[in-house]
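Notes to accompany the following structure.
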Amino acid sequence: MYAFDIERPASVADAVAALGAEDAQALGGGQTLIPTLKQRLAAPSRLVSLSGVTEMQGVASEAGNIRIGGATTHATVASQVGGTYPALADLAANIGDPAVRNRGTIGGSLANNDPAACYPAAALGSGATIITNKRQIAADDYFQGMFTTALEEGEIITAVSFPVPEKANYQKFVQPASRFALVGVFVAKYSDGVRVAVTGASNEGVHRWSAAEDALSAIFAADAIAGLSVAADDLISDLHGSADYRAHLVKVMTGRAVKAAS
Amino acid sequence: MPKDTGIGAATKRREDVRFLTGRGQYTDDIQTQGECAAVFARSTVANGKIKSIDTSAAAAMPGVLAILTGEDFAEVGGNPAGWLINSRDGTPMHEPKRPVLAHGKVRHVGDAYAAVIAETVQQARDAVEAIEADIEELPAIVDMKDALAADHYVHDEIGTNQCFDWGWIEDNRAATDEAIKNAHHVTTLELVNNRLVPNAMEPRCSIGHYNPGTDEYILHTTSQNPHLTRLLISAFVMGIPENKLTVIAPDVGGGFGSKIYHYGEEALVLAAAKKLGRTVKWTADRTEAFLTDAHGRDHVTKIELAMDEEGNFLAFRTETMANVGAYLSNFSTATPTFLHGTLMAGNYTVPLVYVNVKAVFTNTAPVDAYRGAGRPEATYSLERVIDKAAREIGMDPIELRRKNFVKPDQYPFASAAGLEYDSGNYDALMDQMEKVADKAAFEARRKESEAKGLLRGFGVNAYIEACGIAPSNLVGVLGSRVGLYDAATVRVNATGNLSVMVGAHSHGQGHETVFPQVVGEMLGIDPQSIDIVHGDTSKIPFGMGTYGSRSLAVCGSAVVRATEKIINKAKKIAAHMLEASDADIELKDGVFSVAGTDKSVSFGEVALKAYIPHNFPLEDIEPGLEETAFYDPANFTYPSGAYCCEVEVDPETGKVRVDRMTAVDDFGNVINPMVVTGQVHGGLGQGIGQALVENTTYDENGQLLSASYMDYTMPRADDLPFYIVDHSKGNPCTHNPLGVKGCGEAGAIGSPPTVVNAVIDALQSGGKNVTHIDMPMTPHRVWSAMNNA
C-alpha cells in the first residue's frame, strides 16, 4: 500500500466536494479497493470514505419500490429487505463472507461493476434506478461493460431504487476459489414482463438475456426456455470454465431461477 | 472405560489455550528494538538473463540501509539437495547451484535477485520499486515434456533439463516388461497428480540477529526443523560455525512440508544482520508464499497393471515425469523416488514392480515434499488403475483388492518394491470400513440421490504408506545425505516437574500434549507436570524435526528411551533412600517401593534427592536427574487404511459434493485418539482439496495464474462432509517401543483416489462412459468429461 490521506465526510455534499481534489477516490466498504491498494495496484493520494454519510444509509419502502442507500452494507440488505424483496435479500446474504457483507456496500459494488459481482445482476434484472448526487440512471443505461458504468468522475451513487417484482430469484453458480459468480442469473417477473440478467459470464459484463425474457414473459416456466441456446461467442473463458461451459450454465441457472422464483 | 490421562486418553490440547486466546508467539510477533526490514525484488519473468541491476536510485531513498544482490553472495555456497539420486545408467543427478539470490539468471517468477534493507517495510518496498533491473526475458520452460525435448535449459551449465532418470527396481525392469507383455489383461491409465501450493496459514518469516561482541548469530524462522536449518546454513551455505548460530522456530502456523526446507531468505537476513549490525526481519506476503514456497506433487504418470485370468496382480509398471521446478529444494529428489517408487507395490502381493521417474527442471517454483510426499502420488496411481482394472474385468473393486491383499500371516512381508512391511491387516480394515460406512445401505442412498436428479457414486481405496522417517542406515544406502534419527532430553527438576526437550517440532501436531502423556504414563505422574521444549537449537538436543509422520514414531521413541534411563537412575536413588537393592525397586503410580514391603518414596522425593544430594552415594550415582537419548528406527512404520467416499454429482453442472467420507486407518497404538482424529481430519481436508478444487496453474510463459485465493481454491468447511474416522483396528508397529505408526499424512494419502473413484462410479451409474478425470475434478472438468463421453 502507498501512503494516502483519508477524509470522512458526513454529507453527500461534503463528499462530492472532497472528491473534487486531484487523484481523490471514493471508498465504499473497501472490499475491492483496499486489497487493490495493498497490492500497490492503485495509488490514489486521497480516499473519501462514504461510510459516514448517514443520508446514504438504510432501506426504505416506497410505493412498490424499495430504496437502498448507496452506503448500505450487504448484511443490512440481507437482514432488512427479506420481507419486501426476498430474492434481493437472498442475493445479498450470499455475497462473499460475513466480513465482506458487513463492510461491502451496494453502491460500492455497482460503482465497481465487477463482471462477476452479484448486485449488478439484481439491479439490471430488476430494472432498478441508480440514483446519484446528480441524476437518476436506469439500470439499462448504467452498465456499460466490464468495470465500466455511466458514472462520471466524482459522481456518487447515493441510493438504488428497486421496483419490487411479483416474484424473482437469483441463482449463483460460484467460481470455486473466489466464490464470485462463475455464472449468476437473476430472474424477475413483473406484471409487464420478465427480466433476466446474467453476471459472471460475459466479457461485456452484466447483460440481459432477451430471448429468455421473451419466452418467459409468454410462459413463466422453466420449460419455456428449453428450446433456447446461449451463444458462447462473447463469454469469458478462463481457468475456471470455458465459454461453452458458461453458456450452458446460463441456461441451467435461468431454469433453476424460474423454478425457485418466489 | 476411556482413560482421562496418559497413553490412550483423549486429552485436550494444552497448546490450544494460547492459540485460541491469541497468545501464540509466531516469528512475526517477535519485535526487537532497532529491527529493520528486508523486502525482496523478485523476478516477474519465468526465465531471464540478468544484464544489469542498478541500485543507485533505490539506495538513495529514505530509510534505505543496504541493498544486496546476487553478486554479494557469489562466493557463498548453494542450498543443497539432501538426497543424491543416481540415474539408471549410474550417473549422479545434476545439482545446479541454488544461490541465496539469483545471479546471472532468474529462473522462475518470484525468484529473488535483490533485497532492500530499510528502516521500515514501507521504505523497503518503495526502494525495491526503484531498483532498475535490466532482465532480458528468455523463452520459459514450463511443460515437462517440452522441457525434456528443449534445446535451451533452465540451467545452461548442465546442458539438459533432466535432473535424473531413475529406475526402481532396475533389476526387475526386464521381468516386469515381460510380465506385462504376456499378461492376460493389462489396464493402462495416464494421469496427472496436480501441483499444489501448501498454503500454510502463517507465511514464512525470518529474523536475523548478529552480536558483534560474541560473533554469534540468532535466526528466528518459520521452520519445521531448526537443527536441519542450522546444519544447512552452517555446513553448506554460509559457513557459520554451528556453535555460533542458534536457530529458533517458535510457534509455527502450519508447514505441511513447505517449512522443512532452508530458503535463501534465511541466509539473507543473517548476512544483512551482520553487515548492518542490526536485527533484520522479513515476512512473506501471501503472494510471495504462492510464488516461492516449495510446491507439492506435480507428476505426470502412465501406469500399467498386468493381471492373470482370475484378477491376480502380476506387475505394476510406472513411468513418471516429476517436476522439480527451477532449483532442487532439500528433499525434492527423495520425494518422487524413494518416497514414491518404494510404495508402488501398495497393499498387494504383486510380484513385480518397476518404476521409472524422470525429474525435470522447469521455470517454476521448486517442488518438494508436501503432506504425504511421494506416497500420495504412489497411492493415487495404484488405486486409480486398480479401480479402472476392476471395471474392465467386471469385478467388484473391493473384491479385486481383497484378492491381492497381503494377508495377516505374511508379515514381515517383503514387498516387490523393496520395503519390509512389519504389520497390518488390510482385510480387517476393509471389513471395518464397510461396516462403519454402512455400505450395505449405499444402494438405498443412491436411489434417494437419483430422486433428486443427482448421480451418487461409491469410491474405495486401500493404502499403505511408509513413514516414521527414517532408518538412517537404509536411507543412507538410498542416497540420503543426512541421518534421520531424533533425540530427546528428559530433565526432572528438583521439585518433581519435568522439562522434556525434543528434536521434533510441533506446528499443529500436538506434541506439547501427547509427549507428556507418554512420559506421564511411564513415570506414573500427572502429564500436566511435564512440559515440552522444542524449536530452539540452544535448548534442545540435535533432532531432525517434524515431517514424514515421524514425530511420535521416532522422537517419541527417543522420549521413551530417555524416560527409561530416568527410571533406571531414579530406581537407584530410591534404592539408596530405602536402603534396598535397585533390583527390588518397583515404580507404580509415581511411587517407588521395595517389592513385598510397605517401604516407599514418591517420585517427587527422589527428584529432590537427586538435586539435594545430602547423604548421597556420590561414588555410585551422579547428582541430578536428566537423561538424553537418540533413537534411530529399525525400519519405516507402515500405516495402512481402507477409505471410502460417497459423492453426489449434479449432471447438469458437473458439480461434485462429497456426501460421506470414511477413513479407517491402522496407526498401530494410539496415544491420544482425539489428536489422531484431528490429524486425519486435516489430511482428509487437504486430500479432498487436491481431488476437487486445488490446482496450481502456470501459463506457457511461466506466469502463475493461480497466485492468489481469487484463483487458487482452498477447500472450505462447506466443501467437506462430516467424517467417519476410525482407528480402532490398529496392529502395533513391531519395532518401536510404543508400537505406533504415524497419522499425520494418512488422510492426504488415502483420500484423493477415493474421491476420484467415487466420481467415476457416479458418472458410470448415470450411463456416462467416463473412465478417468484428472484432479482437481472441478465442475467444468466433470461437465466436460460427461459431455465428451
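The values are calculated or read from the model by the stated rules, or taken from the named source; none is laboratory data. What you are looking at is a predicted structure, and each value in this text was computed from that prediction instead of being measured. No Cβ is skipped: glycine too gets one built from the backbone with ideal geometry, and neighbour counts run over all protein chains shown. Surface areas here come from the heavy atoms of the whole protein model, side chains and all, with no ligands, DNA or RNA. Shrake-Rupley method; radii C 1.70, N 1.55, O 1.52, S 1.80 Å.
Inside the stretch B:265-286, can you point out the residues that are over 26 Å from A:Pro35 (Cβ atoms) and crowded, with 24+ Cβ neighbours inside 10 Å? Break it down into steps so the answer makes sense when it comes.
As a first pass, look at the stretch B:265-286 and keep what is over 26 Å from A:Pro35 (Cβ atoms): B:266-280.
B:Glu266, B:Ala267, B:Leu268, B:Val269, B:Leu270, B:Ala271, B:Ala272, B:Ala273, B:Val280 - these are the residues of the stretch B:265-286 that are over 26 Å from A:Pro35 (Cβ atoms) and crowded, with 24+ Cβ neighbours inside 10 Å.
Mind listing just one residue for me: the one in the stretch B:690-719 that is in a loop (DSSP other than H, G, I, E, B) and aliphatic (A, V, I, L, M) and, of those, farthest from the other protein chains (Cβ to nearest Cβ)?
B:Ala707
Grab the strands (runs of 3 or more DSSP E) fully contained in the stretch B:479-587, keeping just those with 2 or more residues being farther than 27 Å from B:Met674 by Cβ.
B:486-492
Of all residues being hydroxyl-bearing (Ser, Thr, Tyr) and assigned to a helix (DSSP H, G or I) in the stretch A:115-130, which is farthest from the chain's Cα centre (by Cα)? Just the residue, please.
First, the residues of the stretch A:115-130 that are hydroxyl-bearing (Ser, Thr, Tyr): A:119, A:126, A:129.
With the extra rule that they be assigned to a helix (DSSP H, G or I), the set shrinks to A:119, A:126.
On the way: A:Tyr119: 2, A:Ser126: 11 Å.
Step by step, filter the stretch A:115-130, then rank; the result is A:Ser126.
Quick one: which of B:Met577, B:Met522 is in contact with a helix residue (DSSP H, G or I) (Cβ under 7 Å, 6 or more places away or on another chain), in contact (Cβ under 8 Å) with a residue 40 or more places away in the chain and open to solvent by 30 Å² or more (accessible area, probe 1.4 Å)?
B:Met522
Could you please find all residues in the stretch B:739-774 being outside any helix (DSSP H, G or I) and open to solvent by 20 Å² or more (accessible area, probe 1.4 Å)?
Once the filter is applied, which keeps residues that are outside any helix (DSSP H, G or I) and open to solvent by 20 Å² or more (accessible area, probe 1.4 Å), the stretch B:739-774 yields B:Cys743, B:Gly766, B:Gly767, B:Lys768, B:Asn769, B:Thr771, B:His772, B:Asp774.
Does B:Val45 count as of a type in the set (Val, Ile, Thr) and part of a loop (DSSP other than H, G, I, E, B)?
Numbers: of a type in the set (Val, Ile, Thr): yes; part of a loop (DSSP other than H, G, I, E, B): yes.
It is true that B:Val45 is of a type in the set (Val, Ile, Thr) and part of a loop (DSSP other than H, G, I, E, B).
Just to be sure before I move on: is B:Glu190 in contact with a Ser or Thr (Cβ under 9 Å, 6 or more places away or on another chain) and either among the hydroxyl-bearing types (Ser, Thr, Tyr) or under 30 Å from B:Pro753 (Cβ atoms) (or both) in the structure I sent?
Details: in contact with a Ser or Thr (Cβ under 9 Å, 6 or more places away or on another chain): yes; either among the hydroxyl-bearing types (Ser, Thr, Tyr) or under 30 Å from B:Pro753 (Cβ atoms) (or both): yes.
Answer is yes for this residue.
Which members of the stretch A:191-211 meet the condition of being farther than 19 Å from A:Pro115 by Cβ and open to solvent by less than 30 Å² (accessible area, probe 1.4 Å)?
A:Gly193, A:Val194
Where in the stretch A:1-103 are there helices (runs of 4 or more DSSP H), lying fully within it, with 1 or more residues that are within 22 Å of the chain's Cα centre (by Cα) and without any contact (Cβ under 8 Å) to a residue 24 or more places away in the chain?
A:33-38, A:74-80, A:86-93, A:98-103
What number of residues within the stretch B:638-656 are over 13 Å from B:Gly766 (Cβ atoms), open to solvent by less than 10 Å² (accessible area, probe 1.4 Å) and out of contact with any Lys or Arg (no Cβ under 6 Å at 6 or more places or on another chain)?
Going through the stretch B:638-656 one residue at a time, the tally reaches 8.
Mind listing whichever residues of the stretch B:657-669 are of a type outside the set (Lys, Arg) and open to solvent by 30 Å² or more (accessible area, probe 1.4 Å)?
Within the stretch B:657-669, B:Asp659, B:Asn669 meet the criteria.
Given the conditions (1) open to solvent by 10 Å² or more (accessible area, probe 1.4 Å); (2) under 14 Å from B:Gln690 (Cα atoms); (3) within 11 Å of chain A (Cβ to nearest Cβ), and given that B:Asn787 satisfies all but one, which numbered condition is not satisfied?
It fails just one condition, (2).
So which of B:Ala124, B:Ala140, B:Ala102, B:Ala130 is buried (at least 23 other Cβ atoms within 10 Å of the Cβ) and within 14 Å of chain A (Cβ to nearest Cβ)?
The unique qualifying residue is B:Ala124.
Can you tell me how many residues within the stretch B:740-784 are more than 32 Å from the chain's Cα centre (by Cα) and away from every other protein chain (no Cβ under 14 Å)?
Adding up the residues that qualify gives 8.
Within the stretch A:242-261, is even one residue away from chain B (no Cβ under 13 Å), assigned to a loop (DSSP other than H, G, I, E, B) and surrounded by 16 or more Cβ atoms within 10 Å (Cβ to Cβ)?
Residues of the stretch A:242-261 that are away from chain B (no Cβ under 13 Å), as a first pass: A:257-258, A:260-261.
Remaining after also requiring assigned to a loop (DSSP other than H, G, I, E, B): A:261.
Next cut, surrounded by 16 or more Cβ atoms within 10 Å (Cβ to Cβ) only: A:261.
Taking every residue of the stretch A:242-261 in turn, at least one turns out to be away from chain B (no Cβ under 13 Å), assigned to a loop (DSSP other than H, G, I, E, B) and surrounded by 16 or more Cβ atoms within 10 Å (Cβ to Cβ).
Going through the stretch B:490-505 one residue at a time, which ones are under 18 Å from B:Ile248 (Cβ atoms) and open to solvent by 10 Å² or more (accessible area, probe 1.4 Å)?
B:Ser499
Which residue pairs have Cβ atoms under 7 Å apart, sit 6 or more places apart or on different chains, and have a first residue in the stretch B:152-173 that is more than 18 Å from B:Leu339 (Cα to Cα) and a second that is of a type in the set (Phe, Trp, Tyr) and open to solvent by less than 10 Å² (accessible area, probe 1.4 Å)?
Going by the 7 Å Cβ cut-off, the qualifying pairs are B:Val154/B:Phe361; B:His155/B:Phe361; B:Asn161/B:Phe361; B:Asn172/B:Tyr354; B:Arg173/B:Tyr354.
Report those helices (runs of 4 or more DSSP H) wholly inside the stretch B:384-467 carrying at least 3 residues which are closer than 28 Å to B:Leu314 by Cβ and assigned by TED's automatic domain parsing to the domain that holds B:Asp666. Spell out how you get there, then give the answer.
Values: elements: B:397-404, B:426-436, B:442-451.
Passing ranges, in order: B:397-404, B:426-436.
What strands (runs of 3 or more DSSP E), lying completely within the stretch B:298-368, carry at least 1 residues that are over 15 Å from B:Leu382 (Cβ atoms), open to solvent by 10 Å² or more (accessible area, probe 1.4 Å) and β-branched (Val, Ile, Thr)?
B:299-307
Find the helices (runs of 4 or more DSSP H) located wholly in the stretch B:68-186 whose residues include 1 or more that are of a type outside the set (Ser, Thr, Tyr) and closer than 30 Å to B:Gly394 by Cα, and list them. Walk me through it before giving the result.
Numbers: elements: B:121-130, B:144-149, B:173-182.
The qualifying helices (runs of 4 or more DSSP H) are B:173-182.
Report whether or not B:Ala289 is surrounded by 22 or more Cβ atoms within 10 Å (Cβ to Cβ) and out of contact with any Phe, Trp or Tyr (no Cβ under 7 Å at 6 or more places or on another chain).
Considered against the rule, which asks whether it is surrounded by 22 or more Cβ atoms within 10 Å (Cβ to Cβ) and out of contact with any Phe, Trp or Tyr (no Cβ under 7 Å at 6 or more places or on another chain), B:Ala289 comes out as no.
Across the stretch B:676-689, what is the total count of residues that are crowded, with 22+ Cβ neighbours inside 10 Å and away from chain A (no Cβ under 14 Å)?
7
Can you name every residue in the stretch B:611-631 that is open to solvent by less than 70 Å² (accessible area, probe 1.4 Å) and either of a type in the set (Asp, Glu) or assigned to a strand (DSSP E or B) (or both)?
B:Glu627, B:Thr628, B:Ala629, B:Tyr631
Conditions tested, residue by residue: (1) surrounded by fewer than 21 Cβ atoms within 10 Å (Cβ to Cβ); (2) in contact with an Asp or Glu (Cβ under 8 Å, 6 or more places away or on another chain); (3) of a type outside the set (A, V, I, L, M); (4) within 14 Å of another protein chain (Cβ to nearest Cβ).
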site	(1), (2), (3), (4)
A:Leu33	yes, no, no, no
A:Ser45	yes, yes, yes, no
A:Thr54	yes, no, yes, no
A:Val77	no, no, no, no
A:Gln80	yes, no, yes, no
A:Pro86	yes, no, yes, no
A:Ala111	no, no, no, no
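What is the number of the single condition among (1) out of contact with any strand residue (DSSP E or B) (no Cβ under 6 Å at 6 or more places or on another chain); (2) acidic (Asp, Glu); (3) over 24 Å from B:Val64 (Cβ atoms) that B:Asp285 does not meet?
The number of the failed condition is (3).
For B:Gly604, indicate whether it is of a type outside the set (Val, Ile, Thr) and open to solvent by less than 10 Å² (accessible area, probe 1.4 Å).
no
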